Amino acid sequence: MQPTALVCAYSSLGTVALQSVLDAGITVKALFTYEPTAEDHWFTPPEVLARANGIPVFKVSDFNSEDNFQRCQELQPDLLFSFYFRDMIQGRFLTLPKLGAYNLHGSLLPRYRGRAPINWVLAHGESETGLSLHCMTEKPDDGDVVAQSKISIAWDETPLSLTHKMSEVAPHLLRSVLPLIAAGQPPRQRQSELGPSSYFGRRRPEDSELRFEMTTRQAFNELRAVAEPWPTAYLKGKGHTLYVPWAIPSDDACPAGHYRLHEQACLLGFQEGALALHRVRLNQEKTSVDPLKHAAWLDLLGIPSA
């Protein structure tokens, strides 16, 4: 008899992971998910896949509520999966499935435990990350690792491109271990055996502010860590906010804290170099690719020309 599962999932990774669970022959008794926002237009949410397969969908405001705990108890699942689910699932839920509870995390655990690992690895200029499927405990991203896959990070990687890479890797990773999990024989390795750990919390808006004491590489890493469709990096000055959806390091010089028009590009100077602005938006205006408009907007922020 095939095992049953409850799946808590969101994002594009949640959708491909749910498909992998179904492909493994596991009966999904319910999907717990969230209402998509306008910013989430770029992926097909897990809800669409669940409804197409006749799986009941629940969008509860508080997953850990008593009513929802009773609902999960009544469903009597063999397994519980968390695939990019935002709620921290309480320990009492983890005792319900007799075959265990498992979480898919977007890093090579035990590094980059916590929130927004995709964004943090880019902000820190990492050259490699990965996916980890691990046993769930009451602590975030804790518990033995069941499977991992490494993923290389390109110099101009963004959260969107890295998420696409992870969505391609996830089915292979899950396919390799779901039969063992369903049989009650998952491979397990303690995270303490996999190297030093690190933890990062939720990204704050101020984490994405570009500052002229940054090196060009640091500014570029912060910028690409929140590139569209994420909220994007920004500069502030004289009551204005200048959003920078995209820019790349330039070999041409510009003093830190200044801008310079050079060969049909607007350069913005940081420590040890400059960024060539590609797409910029002032306040709520439309994004522009015009270097002359970029320069005019930087003037409004009080950033001097070199």
For this session: For the stretch 249-262, state whether one or more residues are at pLDDT 95 or above, closer than 30 Å to residue 114 by Cα and in contact with a Leu (Cβ under 9 Å, 6 or more places away or on another chain).
Result: yes
Problem set entry | Of residues in the stretch 16-39 being in contact with a Phe, Trp or Tyr (Cβ under 9 Å, 6 or more places away or on another chain) and free of Cβ contacts under 8 Å to residues at least 60 places away in the same chain, the one surrounded by the fewest Cβ atoms within 10 Å (Cβ to Cβ) | 36
For this session: Looking only at the stretch 56-65, decide whether some residue is under 18 Å from residue 136 (Cα atoms) and either within 26 Å of the chain's Cα centre (by Cα) or outside the structural domain of residue 226 (by TED's automatic domain parsing) (or both).
Result: yes
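Here's the yes/no breakdown for (1) farther than 19 Å from residue 245 by Cα; (2) not assigned by TED's automatic domain parsing to the domain that holds residue 87:
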{"position": "145", "(1), (2)": "yes, no"}
{"position": "159", "(1), (2)": "no, no"}
{"position": "176", "(1), (2)": "yes, no"}
{"position": "192", "(1), (2)": "yes, no"}
{"position": "219", "(1), (2)": "no, yes"}
For this session: Go over the candidates 277, 267, 282 one by one and state the one that is in the same structural domain as residue 213 (by TED's automatic domain parsing), surrounded by 16 or more Cβ atoms within 10 Å (Cβ to Cβ) and either among the acidic types (Asp, Glu) or in contact (Cβ under 8 Å) with a residue 40 or more places away in the chain (or both).
Result: 282
Problem set entry | Residues of the stretch 55-100 classified as over 27 Å from residue 179 (Cα atoms), charged (D, E, K, R) and outside any helix (DSSP H, G or I), total | 2
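Within the stretch 181-216, track down each residue that is of a type in the set (D, E, K, R), assigned to a loop (DSSP other than H, G, I, E, B) and in contact (Cβ under 8 Å) with a residue 24 or more places away in the chain.
Selection gives 188, 190, 202, 203, 213.
The values are calculated or read from the model by the stated rules, or taken from the named source; none is laboratory data. Model, not experiment: these values are computed from the prediction. Cβ sites come from the backbone with ideal geometry, for glycine too, and all protein chains shown count toward neighbours.
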